[in-house]
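Heads up: the structure comes next, in structure tokens.
Each value in this text was obtained by applying a stated rule to the coordinates, not by laboratory testing. These figures come from a predicted structure and were not determined experimentally. Cβ sites come from the backbone with ideal geometry, for glycine too, and all protein chains shown count toward neighbours.
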Amino acid sequence: MSTADAPAPKAPPFSGPPPSILIVSAPYYFHVVDGMLAAAQEILAHVQARTTIVEVSGAFELPQALALAARSGQPFDGFLALGCVVRGETDHYEFICAATMDGLMKVALDHALCLGTAVLTVDTLAQAVARSHETGANKGAEAAVACLKQINLARQFAA
């Protein structure tokens with residue numbers, strides 16, 4: 001299945017108090033990330049989530065921001081990481097993609113975070129646009145669904 005024919009994401013059934021979600025956004029490609037943010041917020045609104053949005057410079061800073069938030073002790077139930085890396089003419093792309101995704105996973109595992117990730121790693125800006133706007137499956141919405149499912153799972157294990 002490709003992005004184009006994936007079903008539209010829908011908020012999962014959710015019980016308990018509305019979750020508090022920190023959204024960390026790297027709006028280097030602002031029109032792409034804004035599209036994912038809008039779709040994520042639409043999904044989160046279905047469960048009356050309270051959201052806090054912070055911005056960082058780029059995708060490389062996403063894991064660092066999540067680590068700072070996790071250490072802060074603020075009571076977030078879940079986290080979303082939104083960003084985009086477009087391949088260029090150098091191998092910088094490989095380094096940034098690997099460091100970002102490995103860093104996000106490390107922070108999520110080290111701090112047991114309920115994390116939804118929508119960091120697009122694409123060859124062209126057109127690919128990013130196709131994954132971040134109203135038509136087709138929006139990766140921001142998919143990340144919000146993933147985050148909510150992880151929160152449900154964490155609450156199930158805590159019960």
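Relative to the current alpha-carbon distance between Arg155 and Asp102, full extension at 0.36 nm per residue lengthens the span by 16.5 nm.
Please identify the DSSP H helices in the chain that span no less than 20 Å along the helix axis (Cα) and have a mean Kyte-Doolittle hydropathy of 1.0 or more.
Values: long enough: 30-45 (22 Å, 1.14); 92-111 (28 Å, 0.38); 139-158 (28 Å, 0.28).
Counting only whole DSSP H runs, the qualifying helices are 30-45.
The fewest-to-most ranking of Glu94, Glu61, Glu89, Glu142 by surrounding Cβ atoms within 10 Å reads Glu89, Glu94, Glu61, Glu142. Amide H contacts of Glu55: Ser25, each under 5 Å away and 5 or more positions distant or on a separate chain (H built 1.01 Å from N in the peptide plane; Pro and chain starts excluded). Computing Rg and the Kirkwood Rh from the Cα coordinates of region 1-138 gives a ratio, Rg/Rh, of 0.96. The stretch between Val54 and His92 holds 11.2 nm of extra length on full extension. This uses 0.36 nm per residue minus the Cα-Cα distance. Calculate, for Arg71 and Leu125, the FRET efficiency according to 1/(1 + (r/R0)^6) with r their C-beta to C-beta distance and R0 30 Å; round to the nearest 0.05. FRET efficiency, Arg71 to Leu125: 0.30. In a Gaussian network model over the chain where Cα atoms closer than 10 Å are linked, find which of Ile43, Ile21, Ile96 has the largest mean-square fluctuation. Sorting by GNM fluctuation, first place goes to Ile96.
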